[in-house]
1. Here is a check on your reading of the model: is Thr92 farther than 22 Å from Glu69 by Cα and either of a type in the set (Ser, Thr, Tyr) or in a strand (DSSP E or B) (or both)?
2. Quick one: in region 29-64, which of the residues that are aliphatic (A, V, I, L, M) and open to solvent by 10 Å² or more (accessible area, probe 1.4 Å) is farthest from Phe117 (Cα to Cα)?
3. Which of (1) under 16 Å from Leu159 (Cβ atoms); (2) surrounded by 15 or more Cβ atoms within 10 Å (Cβ to Cβ) is the odd one out, the single condition Asn74 does not satisfy?
4. Within the group Ser86, Ser122, Ser82, which residue is at negative phi and in contact (Cβ under 8 Å) with a residue 60 or more places away in the chain?
5. So which residues in region 128-161 are outside any helix (DSSP H, G or I) and of a type in the set (Ser, Thr, Tyr), if there are any at all?
6. Which residue out of Leu121, Leu95 is touching a Ser or Thr at 6+ places or on another chain (Cβ under 7 Å) and surrounded by 18 or more Cβ atoms within 10 Å (Cβ to Cβ)?
7. Identify the single condition in (1) in contact with a strand residue (DSSP E or B) (Cβ under 6 Å, 6 or more places away or on another chain); (2) assigned to a loop (DSSP other than H, G, I, E, B) that Val125 does not satisfy, given that it satisfies every other one.
Amino acid sequence: NATYMPVVFGVGEVTVAPDIFPAFETVDLNGNTVTNEILYNKDLTVVNVWGTFCNPCIDEMPDLAEWSESMPENVQLIGLVSDLNSADDADTLELAQAICEATGAEVYTSLVANEYFTDLLSGVVGVPTTFFVDSTGAIVGDPIVGANVPGCKAAVEELLSGM
């Protein structure tokens, strides 16, 4: 007995994703400081926004981990844990670490989504959402909403061919 109920947002309730990835300083799941300078090292960074509560996110992580190991030298994958807003949230941090270990996703960096990511995350309508960021910090291409590793791979190939 499910019925379609359209979601209606009032003015100002939803923001559009920015064109530039935010300048940031945060920590990864191991407590290492990471800044937006990590983006400058590669021509393209795939940023996968995921949540510890999200089964599709977790289900795609083994495929993301495998893909991250075979990416071209000029491409990298970074995770952004949408529901981990501070490294002081020990329970969510431990859960995120356990998920990464269980899925093999510890092979790529996952970041704490602290206050620097508020504007970016305000435009995310669901997780996983994957952004593509060039070496200048510009968000390129369209974000991919939903677990779609083949679609992300195709987007990377298309974006690289245009660089």
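The values are calculated or read from the model by the stated rules, or taken from the named source; none is laboratory data. Values in this document were obtained by computation on a predicted structure and should not be read as measured data. Here the Cβ is made from the backbone with ideal geometry for all residues, glycine too, and neighbour counts use every protein chain on show. Areas reflect the complete protein model, heavy atoms only, side chains present, ligands, DNA and RNA absent. Shrake-Rupley method; radii C 1.70, N 1.55, O 1.52, S 1.80 Å.
1. yes
2. Pass one, region 29-64, residues aliphatic (A, V, I, L, M): 29, 34, 38-39, 44, 46-47, 49, 58, 61, 64.
Applying the additional criterion that residues be open to solvent by 10 Å² or more (accessible area, probe 1.4 Å) yields 29, 34, 38, 58.
Numbers: Leu29: 16, Val34: 13, Ile38: 15, Ile58: 21 Å.
Residue satisfying both the conditions and the ranking: Ile58.
3. Failing condition for Asn74: (2).
4. Details: Ser86 fails: in contact (Cβ under 8 Å) with a residue 60 or more places away in the chain; Ser82 fails: in contact (Cβ under 8 Å) with a residue 60 or more places away in the chain.
Checking each option against the conditions leaves just Ser122.
5. Filtering region 128-161 down to residues outside any helix (DSSP H, G or I) leaves 128-148.
Those that are outside any helix (DSSP H, G or I) and of a type in the set (Ser, Thr, Tyr): Thr129, Thr130, Ser135, Thr136.
6. Values: Leu95 fails: surrounded by 18 or more Cβ atoms within 10 Å (Cβ to Cβ).
Just one listed residue meets the conditions, Leu121.
7. Condition (1) is where Val125 drops out.
Here is a yes/no grid of residues against (1) at pLDDT 95 or above; (2) farther than 16 Å from Val127 by Cα; (3) within 14 Å of the chain's Cα centre (by Cα):
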position: Met5; (1), (2), (3): no, yes, no
position: Gly10; (1), (2), (3): no, yes, no
position: Val27; (1), (2), (3): yes, yes, no
position: Val34; (1), (2), (3): yes, yes, no
position: Asn55; (1), (2), (3): yes, no, no
position: Ile58; (1), (2), (3): yes, no, yes
position: Gln76; (1), (2), (3): yes, yes, yes
position: Asn85; (1), (2), (3): yes, no, yes
position: Leu95; (1), (2), (3): yes, yes, no
